[in-house]
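See structure below.
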Amino acid sequence: MDFLRSLGHPEEIYNLLRFRMGCRAVLSQQERDSMSDSLQTCYKHLKETGRSFAAIILALDGELRDAMCVFYLVLRALDTVEDDMTINLQTKITMLHNFHTYLYQAAWRFTEGKHKDRQVLEDFPTISLEFRKLAMVYQEVIANTCHKMGVGLVEFLEKRMESFLDWDQYSHYSAGLVVIGMFQLVASAGLEDTPVVEDTRLLNSTGLFQQKTNAIRDYLADQLEGREFWPREVWSKYSKNPSDLAKPENIVPAVQCLNELVTNALQHIPDVLLYLSRLRNQSEFNNYAASQIYQKIPVSDPSAGRTQSIVSTIQKLCLSDGPLVFRHRFSPIYLPCAVLLAVLSWQYLSRFKALE
């Protein structure tokens, strides 16, 4: 699972968006002085394991900021268990199934991991302490999300990614639930209308879009680690083995395979835009990215027709006289979902630039 790792670049985009939206990059000295030592340590872990995500969380104020910090660290710890290939399979299954219960065990920690983010497992007592200090409405969201993710991810520890349906299901567990949980925290803080947040289908689409872009981008790194997140339904059309797509002589089928995956991910963008249009707190978006993507679609590609259709739909949604119009700006203290979505779009567009 790499949704939580995905917001690590490009740094200049974050700097621009923080400037435009008034997002701060650090806590004030007064804020740090008012925190307990354990909470200060949580923000230290946040900065170390999710530098760019930290910039988004630090744009918040008060209890929602602390809840989102803990939410991130709990899921980062869960993510680290799944990603650590040195953990015995049975041990990993047990940990993922039970991880939500560790939030209520003051002394639980895991010190046998080898993953680069293992500090969130080794120092989990500090994170769980701050979790138990949160208001119950935040605790329930975090614990429920952790439980659903843990159980869902176990399903794919030994299961191959066979179909687009599998891809959707895994993306739901690893990213859709994260986005749903984020907005539930926002609703719990009274910053968004509950009926809007309850439309989990649209929220899930946002997570699926992000997770799929990550799987597309991280193909080579996953291959080197012995992990495969491209569905067999797609890559088997272009190669006998997914690893063969990295060979220079297979550049044409590799790009065609990539484009089919990209097209599948693009289908989620209308849902993302529709959801943003329903938010009480909205932001302005432009249509430049969709136009650039359309221009880069190779007409000879097997997925070209489907890709053009989806991008045209996105363009129509975003027209000034289209069904989705964004007229208001986010408050600086509101969760900057606009920052998140803008970065997702930038990452997606960069996949196309790589194919020029």
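The values are calculated or read from the model by the stated rules, or taken from the named source; none is laboratory data. Since this is a predicted model, take the numbers as computed values, not measurements. Cβ placement follows ideal geometry from the backbone for every residue including glycine, while neighbour counts extend to all protein chains displayed. Remember, those area values only see protein heavy atoms, side chains included, never the ligands or the DNA or RNA. Shrake-Rupley method; radii C 1.70, N 1.55, O 1.52, S 1.80 Å.
What is the Cα centroid distance between segment 90-138 and segment 188-241, reported in whole angstrom? Taking the Cα centre of segment 188-241 as reference, the centre of segment 90-138 is 24 Å away. Each residue was assigned an accessible area with a 1.4 Å probe, and for Tyr173 the value is about 40 Å².
Here the Karplus relation 6.51 cos²θ - 1.76 cosθ + 1.60, evaluated at θ = phi - 60°, turns the backbone of segment 252-257 into coupling constants of 5, x, 5, 5, 5, 5 Hz, with x for every Gly and Pro.
Summing Cβ point charges (Lys, Arg +1; Asp, Glu -1) relative to the Cα centre of segment 92-160 gives a dipole of roughly 160 debye. Largest accessible area first, the residues Glu130, Glu233 order themselves as Glu233, Glu130 under a 1.4 Å probe with ligands, DNA and RNA left out.
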